[in-house]
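Worksheet for the structure shown next.
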Amino acid sequence: MDTLLLIMPLLITLSTVVIVLILAHKILLNEQTLTKDNQLSRKLILLLLYVLSFLAVSLALPVADSTRNQVIGLFGIVLSGVIAFSSTSIVGNIMAGIVLRFTKPFKTGDFIRVDQYFGRVTEKGLFDTEIQTEQRELVAFTNSFLTSNPITVTRTSGTILSANLSLGYDHHHDKITQLLITAANNCQLEEPFVQIIELGNYSISYRVSGLLTEVKSMISSRSRLYANILDTLHQAQIEIMSPNFMNTRNIADAPPAIPKATETPPEHIAKHADPSSDTTPEDIIFDKAEEAEQKERSSTELSEDIKALNEQLKDAKDEQKDRLELQIARKKEQLQTIKTKPIQE
């Protein structure tokens with residue numbers, strides 16, 4: 001009888017802990033509409049519940065106070081040691097992943113530059129983050145590396161697209177500025193402007209820039225900008241070549257090095273080999289990043305739709321309620337299909 005009374009607090013505590021953890025799992029992780037960020041935050045809540053459960057069981061142990069304090073102290077030392085060594089361990093990447101999830105410096109599909117690498121984000125994991133480069137390669141960074149190095153993120157609202165070139169002093173800068181702005185306008189760049197960035201010994205260095213609002217076409221747009229600069233300056237009979245070339249000509253009045261124009265329209269530059277094809281280089285280069293972005297966007301939209309339908313369901317009656325329940329079931333099925341569909345490697 002005395003033994004039963006002694007272990008009764010422990011049995012009650014264990015029963016309570018088990019029930020609480022089971023309910024927590026069902027409530028926090030059983031929803032199909034959860035996004036990755038929501039799943040992470042709820043898993044952290046579960047982790048905290050497990051820690052508190054261990055402490056509760058430790059306090060209910062039928063042992064002397066000194067022994068109980070030693071158990072709790074040992075747990076605290078282990079937990080402190082894990083956190084202390086987290087900067088160079090797996091736990092460090094997990095903690096860095098948590099930081100990235102809460103600060104959200106970028107999202108799936110964004111263009112980012114880390115160190116010497118540039119590409120689109122294809123996956124954000126708890127341990128690492130993956131990007132797809134301009135060579136269609138997949139590069140993975142540990143989350144601890146991302147939190148300890150600067151990350152350049154291309155804004156989805158638009159980015160400045162630029163091109164540099166050098167021309168001789170025999171061309172007035174006002175004329176060159178007008179021609180370069182014309183070339184930028186032909187590429188549908190907004191608010192183009194020209195800067196003189198250097199006065200060299202033999203040439204002037206120019207930079208033409210403009211706002212590109214469709215950032216997904218960055219690679220194609222840069223190539224079209226270069227092509228339009230060539231066409232615009234050549235049509236104005238302006239030679240694009242180092243002025244040093246003049247020193248190597250054997251004939252004083254040799255014609256400028258300007259190629260003859262072709263019938264290929266500039267809009268076909270940087271596109272598919274077949275001009276009739278709608279495929280762009282970005283469709284091939286960033287295929288996985290595009291698919292990952294579409295998957296995340298579709299999941300978010302469906303989750304928001306399900307949430308809105310659930311709100312309507314609270315005040316619905318009879319036939320309307322049945323109709324809403326059917327819509328919710330269909331959208332949950334679509335969401336589950338999207339989440340389980342693997343992304344092409």
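The values are calculated or read from the model by the stated rules, or taken from the named source; none is laboratory data. Computed from a prediction, not measured in an experiment: that's the story for all the values here. No Cβ is skipped: glycine too gets one built from the backbone with ideal geometry, and neighbour counts run over all protein chains shown.
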Output for region 134-178, where each listed residue is of a type in the set (Asp, Glu) and assigned by TED's automatic domain parsing to the domain that holds residue 216
170, 174
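Just one of 179, 225 is under 18 Å from residue 280 (Cα atoms) and in contact with a helix residue (DSSP H, G or I) (Cβ under 8 Å, 6 or more places away or on another chain); which is it?
Values: 179 fails: under 18 Å from residue 280 (Cα atoms).
Exactly one residue qualifies, and that residue is 225.
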Kindly state which strands (runs of 3 or more DSSP E) lie completely within region 70-179 and contain at least 2 residues that are over 15 Å from the mean Cα position of the chain (by Cα) and surrounded by 15 or more Cβ atoms within 10 Å (Cβ to Cβ).
159-167
Need pairs with beta-carbon distance below 6 Å; first residue within 15 Å of residue 11 (Cβ to Cβ) and within region 44-63, second among the hydroxyl-bearing types (Ser, Thr, Tyr); sequence gap 6+ or separate chains.
56/13; 57/13; 60/13
